[in-house]
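For reference, the structure discussed in these notes is given below.
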Amino acid sequence: MTTADKSKRKALAANSSKPPKKSAAASVVGAPAQHNQSSRKGKKAWRKNVDIEDVEEKLEGIRGEERLFGTALHAKKDEELFIIDKKGDETVRKSLPKFSRTLLSSHRILTERSAIPAVLSRPTSSRVPSSVRVTRREKDRLLRIGRKDRKGPLNSLVDHTQFGEGSALLEVSEAVRKSGQYDVWTEGAEDSPKVKVRSAPNTPHPRQHIAVPAIPAPHAGTSYNPPVSAHTELLRTAHELEERRVKEAEELEKTKARILGARAADAGDAALGGVQGMLVDKPEDSPDIEEEENDGTEVAVEKKVPQRKTKQQRRKAEKQRTEKRALAERAFRKRMLASVDSYKSMRAMSEALIAAREKTAAARQARAQERLQKGLAGHKLGKHKIREGEVDVQLGEELSESLRELKPEGNLFRDRFMSMQHRALVEPRVPVLPKKRKTRMVEYEKHAWKRFE
């Protein structure tokens with residue numbers, strides 16, 4: 001065998017071992033076919049050589065539908081795609097396009113028009129609506145803000161660097177331009193626009209129902225020489241007022257004592273190692289427990305394991321649940337039928353209940369207005385409660401028999417301030433007392449003054 005024959009055999013063996021190289025398949029949409037590359041070792045090859053022929057084919061089909069019908073067919077309604085033809089059209093054959101041997105393919109392609117409107121580079125004046133058009137005045141304002149050259153009289157260029165030419169703040173606003181044309185507060189004006197103004201809520205002020213005079217007439221028992229009955233009545237009133245105040249103070253002290261006692265008990269529990277607010281019971285020594293501890297025997301508690309139900313038990317339970325459900329539905333239906341039959345009585349009952357509630361509310365409001373006529377003494381308005389007026393009365397031995405020996409009682413400023421509070425002219429206040437200084441003064445002695453001879 002010659003050397004040439006050996007080389008031919010080697011070439012034939014090498015060609016037979018390698019698989020035939022596949023030609024790149026053409027893309028459906030005309031894109032270059034690169035997904036037949038055998039090696040994908042790099043990330044660029046992963047992104048570049050991915051077969052997306054089915055996706056491109058689907059998208060191209062949707063684009064073709066948009067070119068033919070304006071939108072994709074799946075976006076249209078059934079009424080736009082289908083029609084029930086009860087009578088045939090005789091002229092449909094004439095409207096169909098016919099094959100022509102003389103018509104060139106290029107002419108046929110050019111005659112086909114897409115249903116999608118063309119995109120224009122610049123909108124024409126006929127297509128732009130009047131609301132979108134820029135007026136000459138607006139255009140000048142925009143050019144002035146952008147400091148662009150604009151034409152003045154006789155086609156002369158306006159210098160935007162001059163004072164007032166490049167500033168947009170010097171423009172007169174629309175409100176100033178239309179000022180004085182209409183009056184908002186004029187009622188019944190035909191030319192003025194209708195402005196909806198929210199009215200204030202009609203909430204009655206408590207001062208409207210108060211009938212307390214600014215300076216009430218003094219009681220007859222406050223005279224320097226009062227009648228016995230009037231003086232006794234005034235003393236009884238002062239005694240009842242003071243007694244009520246003492247009772248309120250005692251109740252407040254009892255409440256404070258209970259709170260402090262509870263805090264002390266909680267602090268004692270916390271000191272003993274228990275939980276604050278809970279008392280830990282200690283187990284008492286019983287002989288039975290000691291005997292069990294001495295024996296050392298532990299009693300195991302048996303746990304009951306729930307047994308699995310049989311099929312018969314499950315069917316029985318399901319049957320019982322079904323019967324209960326049916327009985328409940330029957331009772332509900334019966335109640336519904338009874339309520340439907342008695343809707344007239346229920347309506348009358350509801351109307352009577354509503355009338356009773358309205359009557360009760362009206363009576364409550366009338367009582368509140370009657371109480372308001374006597375002033376706001378004893379009512380809580382805001383954070384504080386309005387105090388009642390002080391009763392200034394003298395004892396029998398303090399009464400003077402003449403005006404010369406009469407001693408002044410009470411405080412005019414306090415009386416005027418309380419009267420203004422009772423008549424809802426001033427909000428209730430409490431006296432603000434000066435507080436003691438919380439910071440402690442610390443005195444330091446300098447080192448130079450410590451050593452002296």
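Within segment 307-332, residues that are of a type in the set (A, V, I, L, M) sit with their Cβ atoms under 8 Å from residues that are at pLDDT below 95 and surrounded by 10 or more Cβ atoms within 10 Å (Cβ to Cβ), at 6+ positions apart or across chains, in these pairs: Ala317/Lys309. Across segment 89-132, the number of residues qualifying as exposed (fewer than 10 other Cβ atoms within 10 Å of the Cβ) and modelled with pLDDT of 75 or more comes to 24. Out of everything in segment 343-386 that is part of a loop (DSSP other than H, G, I, E, B) and out of contact with any helix residue (DSSP H, G or I) (no Cβ under 7 Å at 6 or more places or on another chain), what residue ends up being nearest to Thr222 (Cα to Cα)? Among them, the one singled out is Lys374. Could you say whether any residue in segment 65-88 is farther than 26 Å from Ala115 by Cα, of a type outside the set (Val, Ile, Thr), modelled with pLDDT of 60 or more and under 60 Å from the mean Cα position of the chain (by Cα)? Within segment 65-88 (the criterion being farther than 26 Å from Ala115 by Cα, of a type outside the set (Val, Ile, Thr), modelled with pLDDT of 60 or more and under 60 Å from the mean Cα position of the chain (by Cα)), the answer is yes, since at least one residue qualifies. Go through segment 73-100 and count every residue that is assigned by TED's automatic domain parsing to the domain that holds Gly61 and farther than 28 Å from Arg63 by Cβ. Result for segment 73-100: 0. Confirm whether Ala355 is surrounded by fewer than 13 Cβ atoms within 10 Å (Cβ to Cβ) and either over 37 Å from the mean Cα position of the chain (by Cα) or not β-branched (Val, Ile, Thr) (or both). It is true that Ala355 is surrounded by fewer than 13 Cβ atoms within 10 Å (Cβ to Cβ) and either over 37 Å from the mean Cα position of the chain (by Cα) or not β-branched (Val, Ile, Thr) (or both).
The values are calculated or read from the model by the stated rules, or taken from the named source; none is laboratory data. Remember, predicted model here, so these are calculated numbers, not experimental data. For neighbour counting, all protein chains shown are included, and Cβ atoms are generated from backbone atoms with ideal geometry for every residue, glycine included.
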